[in-house]
């Protein structure tokens, strides 16, 4: 048996873990309840990347979703050594940006790609650079200025397939150290095993 930790209590744990990990930044942690479950949304401005925050907040996800079989499964953890199930199904992380941060990213991207079709801060905010890029006026979305600037703000390199060392170093979190992943219901694995056994027949 696992102790159920209500989503409201999970949100408190996330707030504490984020405050310990990124003490210089403020985060909004809001929960939403819906039929069959609940989720938590974390939002903040500038600072740590989405990936960095997900490494902290995502630890508290209580469910996973397998789109291949349209199945929502359970994830289990240990909190202070006791097995628990977090009530928050999913954790969504969203970072917004100040004009200063966007401007810095545009300058950095221009140094890498040149200034052809280079957007202004307002162009970026209004979505006017979704299709234009440094190589043409109408380029594939991946190489649009919009995507390049987004990747730059998330620490992506010039090829968009790797990440530089983040400028912000997360601090050790005592709250995060209390949590340990303890497996899932492994539905997909059990279904795969059943399918294999169906084909091979029972083991003699």
Candidates 119, 172, filtered to the one that is within 29 Å of residue 17 (Cα to Cα), at pLDDT 90 or above and either in a loop (DSSP other than H, G, I, E, B) or in contact with a strand residue (DSSP E or B) (Cβ under 7 Å, 6 or more places away or on another chain) (or both): 172
Looking at the stretch 26-37 only, could you name the residues that are over 27 Å from residue 97 (Cα atoms) and either part of a strand (DSSP E or B) or at pLDDT 95 or above (or both)? 33, 34, 37
Search result, residues across the stretch 51-78 that are crowded, with 18+ Cβ neighbours inside 10 Å and outside any strand (DSSP E or B): 52, 53, 56, 57, 59, 60, 61, 62
With the condition kept exactly as written, say whether any residue in the stretch 145-167 is under 25 Å from residue 53 (Cβ atoms), modelled with pLDDT of 90 or more, part of a loop (DSSP other than H, G, I, E, B) and not assigned by TED's automatic domain parsing to the domain that holds residue 78. no
Might you let me know whether the stretch 82-100 holds any residue that is part of a loop (DSSP other than H, G, I, E, B), without any contact (Cβ under 8 Å) to a residue 40 or more places away in the chain and under 27 Å from residue 151 (Cα atoms)? no
Residue check: is residue 133 in a strand (DSSP E or B), in contact with a helix residue (DSSP H, G or I) (Cβ under 7 Å, 6 or more places away or on another chain) and surrounded by 14 or more Cβ atoms within 10 Å (Cβ to Cβ)? no
Within the stretch 109-125, residues over 16 Å from residue 46 (Cα atoms) and either under 24 Å from the mean Cα position of the chain (by Cα) or in the same structural domain as residue 47 (by TED's automatic domain parsing) (or both) come out as 109
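The values are calculated or read from the model by the stated rules, or taken from the named source; none is laboratory data. Here the structure is a predicted model, which means the values were calculated and not measured. Neighbour counts are summed over all protein chains in view; Cβ atoms, including those assigned to glycine, are modelled from backbone coordinates with ideal geometry.
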